[in-house]
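Novice: Below is the structure I would like to discuss, written out as structure tokens.
The values are calculated or read from the model by the stated rules, or taken from the named source; none is laboratory data. Because the structure is predicted, anything quoted here is derived from the model rather than measured. Cβ: placed from backbone, ideal geometry, glycine included. Neighbour counts: every protein chain shown.
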Amino acid sequence: MHTLLPNIARVMDSALANICEYMADEFEIDATVKQLVSGEITALTLREMTSIIGIGGAVDLFMAFSFEQSLIQALYDKMTEGMEISEEEAAEMKNATAAEIINIIAGHCTTDLQDMDSEIISITPPTVLNLVKTVPKMERAIFHLRTITTASGDLDIYLIGPRELFSDHLDYVK
């Protein structure tokens, strides 16, 4: 069994720092971390587009980026600026935008966290969910939420663990 609890703050701090820097550098979008709301999260409420990636090794959890529609649209617009994209391709490209962003941030996080212990920190390929979904908390599950706010909309960052309790679509497997 991995020691998830002591590492959650460190993983979240890395994710927050990396996403704020990435959005400023790559998209010219200033991001601010909202003040932490105290209390235990008893359910995840995912927005219309959520990208999920699994992190393994010293930390065994899922990271989910749940985008407000206006924010994913602004990121997509910047990422595809100057490209001609058909309407049929637009939905796929928005999914690719969400997947690419979480993949980059998770990669930066693994670099930040590589000194946690001797295990290699791995990441899974990203998965994108295009639905509003509520995931109730099971007894052994850990949910941690922080929200980033921008002029274009909000981004909820969830850490969900341990990974063994969930499928890639955040359905319970046990």
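Novice: What number of residues within the range 145-157 satisfy the criterion of being outside any loop (DSSP other than H, G, I, E, B), surrounded by fewer than 20 Cβ atoms within 10 Å (Cβ to Cβ) and not basic (Lys, Arg)? First the steps, then the outcome.
Specialist: Let us first name the residues in the range 145-157 that are outside any loop (DSSP other than H, G, I, E, B), namely 145-150, 153-157.
Then keep just the ones that are surrounded by fewer than 20 Cβ atoms within 10 Å (Cβ to Cβ); that gives 145-147, 149, 153-154, 156.
Filter once more, so that each one left must be not basic (Lys, Arg): 145, 147, 149, 153-154, 156.
Looking only at that region, the number is 6.
Novice: So for the range 126-136 (the condition being under 20 Å from ILE8 (Cβ atoms), of a type in the set (A, V, I, L, M, F, W, C) and assigned to a helix (DSSP H, G or I)), does at least one residue qualify?
Specialist: no
Novice: When you check ALA64 against the structure, is it among the small types (Gly, Ala, Ser) and either surrounded by fewer than 20 Cβ atoms within 10 Å (Cβ to Cβ) or assigned to a loop (DSSP other than H, G, I, E, B) (or both), yes or no?
Specialist: Working: among the small types (Gly, Ala, Ser): yes; either surrounded by fewer than 20 Cβ atoms within 10 Å (Cβ to Cβ) or assigned to a loop (DSSP other than H, G, I, E, B) (or both): no.
It is false that ALA64 is among the small types (Gly, Ala, Ser) and either surrounded by fewer than 20 Cβ atoms within 10 Å (Cβ to Cβ) or assigned to a loop (DSSP other than H, G, I, E, B) (or both).
Novice: Right, GLU81: among the charged types (D, E, K, R), out of contact with any Leu (no Cβ under 9 Å at 6 or more places or on another chain) and more than 16 Å from GLU26 (Cα to Cα) or not? Walk me through it before giving the result.
Specialist: Values: among the charged types (D, E, K, R): yes; out of contact with any Leu (no Cβ under 9 Å at 6 or more places or on another chain): yes; more than 16 Å from GLU26 (Cα to Cα): no.
Taking the combined requirement at face value, the residue does not satisfy it.
Novice: Continuing with the same structure: Surrounded by fewer than 19 Cβ atoms within 10 Å (Cβ to Cβ), more than 17 Å from the chain's Cα centre (by Cα) and at pLDDT below 90: does that describe GLU81?
Specialist: Values: surrounded by fewer than 19 Cβ atoms within 10 Å (Cβ to Cβ): yes; more than 17 Å from the chain's Cα centre (by Cα): yes; at pLDDT below 90: no.
Judged against the criteria, GLU81 is not a match.
Novice: Test of understanding: among THR134, THR110, THR97, THR127, which residue is surrounded by 14 or more Cβ atoms within 10 Å (Cβ to Cβ) and farther than 20 Å from CYS20 by Cα? Reasoning before the result, please.
Specialist: On the way: THR134 fails: surrounded by 14 or more Cβ atoms within 10 Å (Cβ to Cβ); THR110 fails: farther than 20 Å from CYS20 by Cα; THR97 fails: farther than 20 Å from CYS20 by Cα.
Answer to the selection: THR127.
Novice: Would it be correct to say that THR111 is under 16 Å from the mean Cα position of the chain (by Cα) and among the hydroxyl-bearing types (Ser, Thr, Tyr)?
Specialist: Spelling it out, it is not the case that THR111 is under 16 Å from the mean Cα position of the chain (by Cα) and among the hydroxyl-bearing types (Ser, Thr, Tyr).
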